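Asks: Below is the structure I would like to discuss, written out as structure tokens.
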Amino acid sequence: MMIRADPAVRGATQLQADDRDEMIDAVVELLTQVLARNGLSTDDLISVVFTSTSDLTVEFPAAAARTLGIGDVPLLCAQELQIAGAMPRVVRLMAHVECARPRSQIQHVYLRGAEVLRQDLAQ
């Protein structure tokens, strides 16, 4: 009997500029990689929480994610804490998913320079 877990997958990406097209591309790339590296589809998403740094103002990360056709998945955006010296122009996500993988086998995804945020998790 397979026991299903409902783990969370973390990820982040850094934008080069506060640009709407880049926001869409970066968020789509991040969410697509989260799904692909964990053998998931959009049907496995329970919900996704996005945060972005305060210097990103041109688009909601959730609106960018909606371009993948996930209209029935609850998405939430929030602003990241403003900490002195923090990396600029970063979008983070925490996706709650349905999958059979144990938490120890979840692959967290850090892209476009955001790998330095969590070198212990970045693949």
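The values are calculated or read from the model by the stated rules, or taken from the named source; none is laboratory data. In this text the structure is predicted, and so the values were computed from the model without any measurement. As a convention, Cβ positions derive from the backbone with ideal geometry for all residues, glycine included, and neighbour counts pool all protein chains shown. All accessible areas refer to the heavy atoms of the entire protein, side chains included, with ligands and DNA or RNA removed. Shrake-Rupley method; radii C 1.70, N 1.55, O 1.52, S 1.80 Å.
Asks: Taking amide H positions as placed in the peptide plane 1.01 Å from N, state which residues far from S47 in sequence (5 or more) or on other chains have amide H under 5 Å from it.
Replies: Amide H to amide H, under 5 Å and 5 or more residues apart or across chains, S47 pairs with H96.
Asks: Another question, then. At R0 = 22 Å, how high is the FRET efficiency between M87 and A63 if r is their beta carbon distance? Nearest 0.05 is fine. Spell out each step's value before the answer.
Replies: Numbers: r = 22 Å, r/R0 = 1.02.
Result of the calculation: an efficiency of 0.50.
Asks: Excluding C77 itself, calculate the net charge of residues whose Cβ lies under 14 Å from the Cβ of C77, where each Lys or Arg counts +1 and each Asp or Glu counts -1.
Replies: Details: positive: R66, R92; negative: E59, E80.
Net local charge, C77 excluded: 0.
Asks: With runs of 4+ DSSP H residues as the only contributors, calculate the mean residue ellipticity of the chain at 222 nm using -39,500 (n - 2.57) per run, divided by the residue total and rounded to the nearest 500. Don't skip to the end; give the middle numbers.
Replies: Details: 2 runs with 24 residues, N = 123.
So the calculated ellipticity at 222 nm is -6000 deg cm²/dmol.
Asks: Mind putting a number on the dipole of the chain about its Cα centre? Charges go on the C-beta only, +1 for Lys and Arg and -1 for Asp and Glu, and I need it in Debye to the nearest 20. Each step should come with its number before you reach the end.
Replies: Details: 11 positive and 16 negative charges, 90 e Å.
That gives a dipole near 440 debye.
Asks: ³J(HN,Hα) across the stretch 95-104 via Karplus (A = 6.51, B = -1.76, C = 1.60, θ = phi - 60°), whole Hz, x for Gly/Pro?
Replies: 9, 8, 10, 9, 7, 8, 6, x, 3, 5
Asks: Within the set of other residues whose C-beta is less than 13 Å from the C-beta of L31, count the net charge using Lys and Arg as +1 and Asp and Glu as -1. Kindly include the intermediate steps, with their values, before the conclusion.
Replies: Details: positive: R10, R37, R66, R92; negative: D25, E29, D44.
Spelling it out: positives minus negatives among the neighbours equals +1.
Asks: At 1.4 Å probe size, with every protein chain present, just tell me what the per residue accessible area of the chain comes to in Å².
Replies: Working: 6690 Å² over 123 residues.
Here the residues of the chain average 54 Å² of exposed surface.
Asks: Work out the charge dipole of the chain with +1 on the Cβ of Lys and Arg and -1 on the Cβ of Asp and Glu about the Cα centre, then indicate which of A86, T53, G71 is farthest towards its positive end.
Replies: Most positive-ward Cα: A86.
Asks: Near the amide H of D55, under 5 Å away, which other amide H atoms are found, from residues 5 or more places off or on another chain, if H is placed in the peptide plane?
Replies: R89
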